[in-house]
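Participant: My questions all concern the structure below.
The values are calculated or read from the model by the stated rules, or taken from the named source; none is laboratory data. Source: prediction; values computed, not measured. Here the Cβ is made from the backbone with ideal geometry for all residues, glycine too, and neighbour counts use every protein chain on show.
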Amino acid sequence: MSLRFYDTARAEVRPFEPLQQGRASLYYCGATVQGMPHVGHVRSAIAFDQLTRWLEARGLRVTVVRNVTDIDDKILAKSSDSFREGAADEDPSVIPEEPWWALAYRFEQEFSRAYAALGVRPPTYEPRATGHIPEMHALIQLLIDRGHAYPAPDGSGDVYFDVRSWPAYGSLTRQDIDDMQAAPDADPRGKKDPRDFALWKGSKDTDPPTASWHSPWGAGRPGWHLECSSMVTRYLGTEFDIHGGGLDLRFPHHENEMAQSQAAGHAFARFWMHNGMVTYGGEKMSKSLGNTVSPQEMIDAAGPRVVRYYLGQAHYRSVLDYRETSLQEAAAAVARIDGFIAKASGRVGAATRGAVRAEDLPAAFAEAMDDDLNVPQALAVLHTSVRSGNTALAAGDDDATRATLAAVVAMTAVLGLDDAGQPGASAEDSSAAKALAALVGDRIAERSEAREARNWARADAIRDALAAAGITLEDSADGVTWSVSGS
């Protein structure tokens, strides 16, 4: 296998060999469900969806875990604010007097809708932090027993990771511990070192009673970093292939995750992969600057397939800069791909969809994807194939058209363009759309055969049957295209 990925921990592109032959394991950080999804969230999900699809195209069975952080300081703060008089008037997303767990679930559903609309397939497992408290207690106790964690001596119920007990702390981001800022995630009074981070947070008088669990160290709730280490071990074991997430999570989240897991004696992730940020005109997106664009705003403006193309077109490690013309450019690219697929399907019949066959993928496309998931180069191969396919169509070369159509459909499947549907569309909706396209393509192929045999009655009957079902055909010199009446 020639797969090569950039490993953040080693700062180099190196060969990827899965831990288990024929299988691959991937954990990537999902959302802290405190609010609506933003562009950075969905770009990360698309990047790791592309990675999953490519690993599968290379013949691996992939287990994917994406967590949901459904208990967090920010979630509790937003819930608490919803009880303040006038909060709902100031912010339309606020539901008056909304419990923290209801707020978290409401926004978790918004993330699920955004992922589905953009063709991000559901992970194998999607655990919530609140469902794994026993695993967290076990990991904390293991760290205490190994001399890498300690309960706060002030009786607060806090438990901290002792960063100076682990000599490799800082290795993921190549930082010296003395240059690091203090960890701001818990009261520092009980810390041996201000950089020690919280594994368990003792309950405070301001916390709602429902946001607290019993533990050997007192009632409280888990620290952010502890959640991921506990959940990934539960579903993928103490050693697994790839840990992913946004570049902004490298420190402190992933640094702390790696330290506490390895200090517990776990080999943990063999590769660390991080996707780049999304900017607006070269600047970081920020509400204070007024330059944010939400995924839903993009979908409303251009449709989910265009947004999927736009957010997935850059190399996953690079910065993706949004400009006023970005979606128009992506829409033009998608239209060229779709135009060829429609014309070629009308000419030679719809290509078979489903599991990607390696023989349908151009060698240059596979080489690009093998090389640290080089999507820009892979897209160049896709568009070159579209141009070649249009040339074959114009020349009436059905064999070349059929082969190119199969290649284009396979490439769009790897990139996830075939699964992006209407906003909020379910997986069933997407499957139905693909089934309709296949059935209509077959009928168009039958009609083309009838016309070639000068069986005009048969050809007209097929056209009339499609029209009765709401399918409109348009004949042109380049072939036949179809549309659903009224769409």
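Participant: How do the pairs read when you match residues in the stretch 369-388 that are of a type in the set (D, E, K, R) with residues anywhere that are modelled with pLDDT of 95 or more, using Cβ under 7 Å and keeping only pairs 6 or more apart or on different chains?
Facilitator: As it stands, the answer is D370/L3; D370/R4; D371/R4; D372/R4; D372/F5; D372/Y6; D372/V13, since those pairs meet every condition given.
Participant: Let me ask something else about it. Being outside any helix (DSSP H, G or I) and of a type in the set (A, V, I, L, M, F, W, C) is the filter; apply it to the stretch 66-82 and report the residue that is surrounded by the fewest Cβ atoms within 10 Å (Cβ to Cβ).
Facilitator: Taking the stretch 66-82 first, the residues outside any helix (DSSP H, G or I) are 66-72, 82.
In the following step, the residues that additionally are of a type in the set (A, V, I, L, M, F, W, C) were identified as 68, 71.
Values: V68: 23, I71: 25.
Checking each candidate, the answer is V68.
Participant: Of all residues being among the aliphatic types (A, V, I, L, M) and over 30 Å from the mean Cα position of the chain (by Cα) in the stretch 80-99, which is farthest from I299 (Cα to Cα)? Just the residue, please. Before the answer, list the steps.
Facilitator: Step one: filter the stretch 80-99 for residues among the aliphatic types (A, V, I, L, M), giving 87-88, 94-95.
Applying the additional criterion that residues be over 30 Å from the mean Cα position of the chain (by Cα) yields 87-88.
Numbers: A87: 28, A88: 26 Å.
Per the stated criteria, the residue is A87.
Participant: To continue, here is another question. In the stretch 166-219, which residues are under 30 Å from S80 (Cβ atoms), in contact with a Ser or Thr (Cβ under 7 Å, 6 or more places away or on another chain) and either not in a loop (DSSP other than H, G, I, E, B) or not small (G, A, S) (or both)?
Facilitator: D187, G190, W200, G202, listed by residue number.
Participant: All but one of (1) touching a Lys or Arg at 6+ places or on another chain (Cβ under 9 Å); (2) in a helix (DSSP H, G or I) hold for G339; state the number of the condition that does not hold.
Facilitator: Condition (1) is where G339 drops out.
Participant: While we're looking at this one, here's another question. Looking only at the stretch 375-397, how many residues end up being buried (at least 19 other Cβ atoms within 10 Å of the Cβ), of a type outside the set (A, V, I, L, M) and either under 24 Å from G59 (Cβ atoms) or not assigned by TED's automatic domain parsing to the domain that holds G312 (or both)? Step through it out loud before you land on a result.
Facilitator: The initial filter retains those residues of the stretch 375-397 that are buried (at least 19 other Cβ atoms within 10 Å of the Cβ), namely 375, 378-379, 381-382, 385-386, 389, 392-393.
Still in the running and of a type outside the set (A, V, I, L, M): 385, 389.
Next cut, either under 24 Å from G59 (Cβ atoms) or not assigned by TED's automatic domain parsing to the domain that holds G312 (or both) only: 385.
Number satisfying all stated conditions: 1.
Participant: Taking the stated definitions as given, is R387 modelled with pLDDT under 95 and basic (K, R)? Write out each step before concluding.
Facilitator: Details: modelled with pLDDT under 95: no; basic (K, R): yes.
So R387 does not fit the description; no.
Participant: Quick one: is V348 crowded, with 18+ Cβ neighbours inside 10 Å, touching a Pro at 6+ places or on another chain (Cβ under 6 Å) and farther than 27 Å from K284 by Cβ?
Facilitator: On the way: crowded, with 18+ Cβ neighbours inside 10 Å: yes; touching a Pro at 6+ places or on another chain (Cβ under 6 Å): no; farther than 27 Å from K284 by Cβ: yes.
So V348 fails the test.
Participant: Scanning for something modelled with pLDDT of 95 or more, surrounded by 20 or more Cβ atoms within 10 Å (Cβ to Cβ) and in contact with an Asp or Glu (Cβ under 6 Å, 6 or more places away or on another chain), does the stretch 42-65 turn up at least one residue?
Facilitator: Yes, there is a match, as at least one residue in the stretch 42-65 is modelled with pLDDT of 95 or more, surrounded by 20 or more Cβ atoms within 10 Å (Cβ to Cβ) and in contact with an Asp or Glu (Cβ under 6 Å, 6 or more places away or on another chain).
Participant: For residues that are in contact (Cβ under 8 Å) with a residue 40 or more places away in the chain and within 22 Å of I75 (Cα to Cα), scanning just the stretch 158-184, find the one that is surrounded by the fewest Cβ atoms within 10 Å (Cβ to Cβ).
Facilitator: Filtering first and then ranking leaves A183.
Participant: Follow-up question, since we're still on this one. What number goes with the only condition from (1) part of a strand (DSSP E or B); (2) within 29 Å of M285 (Cα to Cα) that S25 does not pass?
Facilitator: So S25 meets the others, but not (2).
Participant: Moving on to the next point. Could you list all residues from the stretch 343-384 that are polar (S, T, N, Q), part of a helix (DSSP H, G or I) and modelled with pLDDT of 95 or more?
Facilitator: Applying the first criterion (polar (S, T, N, Q)) to the stretch 343-384 yields 345, 352, 374, 377, 384.
Retained after the next criterion (residues that are part of a helix (DSSP H, G or I)): 345, 377, 384.
Hits for the stretch 343-384 are Q377, T384.
Participant: Of the numbered conditions (1) surrounded by fewer than 17 Cβ atoms within 10 Å (Cβ to Cβ); (2) under 15 Å from the mean Cα position of the chain (by Cα); (3) in a helix (DSSP H, G or I), A102 fails exactly one; give the number of that condition.
Facilitator: Every listed condition holds for A102 apart from (2).
Participant: In the set R347, R353, which member is in contact with a strand residue (DSSP E or B) (Cβ under 9 Å, 6 or more places away or on another chain) and in contact (Cβ under 8 Å) with a residue 24 or more places away in the chain? Explain how you work it out, then say what you get.
Facilitator: Values: R353 fails: in contact with a strand residue (DSSP E or B) (Cβ under 9 Å, 6 or more places away or on another chain).
The match here is R347.
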